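The values are calculated or read from the model by the stated rules, or taken from the named source; none is laboratory data. Fair warning: this is a prediction, and the values are worked out from it, not measured in the lab. Cβ coordinates were reconstructed from backbone atoms using ideal geometry, including for glycine residues, and neighbour counts include every protein chain displayed.
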Amino acid sequence: GQWGSPDTMTSEIFDDTWEFPRGDLTLENILGEGEFGQVVKAQAKNLNGSGSTSVVAVKMLKPEASGTEYQDLASEFQLMKEVDHPNVIKLLGVCSQKGPLYLIVEYCEFGSLRSFLRASQFKNQSSWDDKKRQVDNEEPDGSQAREITIRDLFVFAWQIAKGMDYLAGLKIVHRDLAARNVLVSEGLKLKISDFGLSRDVYEMDTYLKLSKGRIPVKWMAPESLYRQVYTTKSDIWSYGIVLWETVTLGASPYPGIPAERLFPLLTTGYRMDRPEECPDELYAIMQKCWKSEPEQRPTFTELVRFLDNILQQNT
Ligand code: ACK
């Protein structure tokens, strides 16, 4: 294809307004890696004319990546250029010339929501009290156990819904919404990330060729599982799973159930139970997100409004 490899790429695919001088980027440690891609922490000199050095995250491919992965990273860049929202990860620049493709994005100091939650514990179960939150609570063994409140859970749910509502408004279907793809930055601001597999809803032809079982089954709506149909309504289903991950502080969905058993289970109407710590309002949202009929699921706009109300009633 035309995007088959970096050397066949013409500069018109990328645009100069985003190009960042490769030499002004100092790569540091690997933050995380997948099969074909990795995210590396880096220092960027004079980003946007700041005159100083900023900490950034750089997304790149591993040498073993193929043209398809290159194409995914290139389309992630194309999408990220178009988005600007406090709850969506921001693109800061790109290195596309004379070397591997680098996407420079904002650095999120707490990593993914999944790892953030797994390192957290509830301050006061079933209490909304966040007046005395201690973000860094020294554990006996010296490690830091973050304490979060029920209110934090709702604020997280609200922020993710805000970011997703924005993307849905741009007709962007995420297709891989999961706690591992939401990042946590300073001040506990959540950012939707990982657009690698996102596609505009109208680009129907790109769907089938990209679904090679790389999207985890336990986050997928039945229509995506059975018919490879991805819409904002299937993102809503995944959002319900993210709420479940959040309230369980990063547990893996459908514990003990092998992915291949999910197919028949979901068809018979099986859904995850209310987790012990889960407020009723939050479980009610999950159940709505997991309606078999996509049209019966709520919209992100409705979820934002609903969560707004709950948060206001509990201030
Ligand atoms: O949970 P983590 O430590 O945080 O592991 C994942 C890993 O890379 C793979 O996605 C981390 N990561 C990804 N993007 C960023 C970013 N922009 N800032 C900080 N960490 C990131 C993520």
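Okay, residues lined up against (1) closer than 23 Å to residue 174 by Cβ; (2) of a type in the set (Val, Ile, Thr); (3) touching a helix residue (DSSP H, G or I) at 6+ places or on another chain (Cβ under 7 Å):
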site: 228; (1), (2), (3): yes, no, yes
site: 242; (1), (2), (3): yes, yes, yes
site: 247; (1), (2), (3): yes, yes, yes
site: 251; (1), (2), (3): yes, no, yes
site: 261; (1), (2), (3): no, no, no
site: 264; (1), (2), (3): no, no, no
site: 279; (1), (2), (3): no, no, yes
site: 282; (1), (2), (3): yes, no, yes
site: 296; (1), (2), (3): yes, no, no
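Scan segment 21-46 for residues that are among the aliphatic types (A, V, I, L, M), free of Cβ contacts under 8 Å to residues at least 40 places away in the same chain and more than 12 Å from the ligand (Cβ to nearest atom) and the total you get is 1. Would you check if there is a residue in segment 96-111 being touching a helix residue (DSSP H, G or I) at 6+ places or on another chain (Cβ under 7 Å), closer than 30 Å to residue 154 by Cβ and among the hydrophobic types (A, V, I, L, M, F, W, C)? Yes: segment 96-111 contains one or more residues that are touching a helix residue (DSSP H, G or I) at 6+ places or on another chain (Cβ under 7 Å), closer than 30 Å to residue 154 by Cβ and among the hydrophobic types (A, V, I, L, M, F, W, C).
Of the candidates 19, 12, 28, the single residue that is of a type in the set (Asp, Glu), modelled with pLDDT of 85 or more and within 17 Å of residue 94 (Cβ to Cβ) is 19.
When we screen 47, 61, 113 for residues that are touching an Asp or Glu at 6+ places or on another chain (Cβ under 6 Å), modelled with pLDDT of 90 or more and not basic (Lys, Arg), the only hit is 61.
Considering segment 47-65, the residues that are surrounded by 12 or more Cβ atoms within 10 Å (Cβ to Cβ) and among the small types (Gly, Ala, Ser) include one that is nearest to the ligand (Cβ to nearest atom), namely 57. In segment 281-315, which residues are in contact (Cβ under 8 Å) with a residue 12 or more places away in the chain and assigned to a loop (DSSP other than H, G, I, E, B)? Across segment 281-315, the qualifying residues are 290, 292, 297, 298, 299, 314.
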